[in-house]
Amino acid sequence: MVAKKMGHNENPVVIVVSPLVALMEDQVKEATEMGITAMQLGVHDEADITSGRCQLLFVSPESWLLNKKWRDMLGSDVFQANVIGIVVDEVHLSYKWADEAAE
């Protein structure tokens, strides 16, 4: 919202990586109640997600790393133009996620 108000981006997107599905569901609900468009990978409509129609996109590391379509999403024109940040919850577990993706 700050990036939009400052004129940096018309449709800013922040990606939140979290291994906790229940927490993501709660955060999507809370964000929506606050008027922020939030979606969860694998739950919300794929077309809405890939078109960048959300301000917050919650993803689990497994769904993001293990699915080529979602990994490639970051390289799309829409996401290259609109992603202003990636937040990683439980970052101390990232080495485990990388091991799982390599298997």
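Some points to look at:
- HN-Hα J in Hz across the range 44-54 - Karplus 6.51, -1.76, 1.60, θ = phi - 60°, x for Gly and Pro: 8, 4, 4, 5, 5, 5, 5, 8, x, 7, 10
- Chain lengthening between LYS68 and ASP26 when straightened (0.36 nm per residue, less Cα-Cα): 12.5 nm
- Residues whose amide H falls under 5 Å from that of VAL16, counting only those 5 or more places apart or on a different chain, are LEU57, PHE58, VAL59, VAL87, with hydrogens built in the peptide plane.
- Our estimate of slack between SER51 and ASP77, defined as 0.36 nm per intervening residue step minus the Cα-Cα distance, is 8.4 nm.
- Full extension of the segment from THR37 to ILE84, taken as 0.36 nm per residue of separation minus the current Cα-Cα distance, would add 15.4 nm.
- With all protein chains in place and a 1.4 Å probe, the accessible surface of the range 23-90 carries 51 percent carbon and sulfur.
- Computed from backbone phi with θ = phi - 60° and the Karplus coefficients 6.51, -1.76 and 1.60, the 3J(HN,Hα) list for the range 61-68 is x, 5, 5, 7, 6, 8, 10, 4 Hz; x is used for glycine and proline.
The values are calculated or read from the model by the stated rules, or taken from the named source; none is laboratory data. Everything quoted here is computed from the prediction, not taken from an experiment. Heads up: the accessible areas ignore ligands, DNA and RNA and are worked out on the full protein's heavy atoms, side chains in. Shrake-Rupley method; radii C 1.70, N 1.55, O 1.52, S 1.80 Å.
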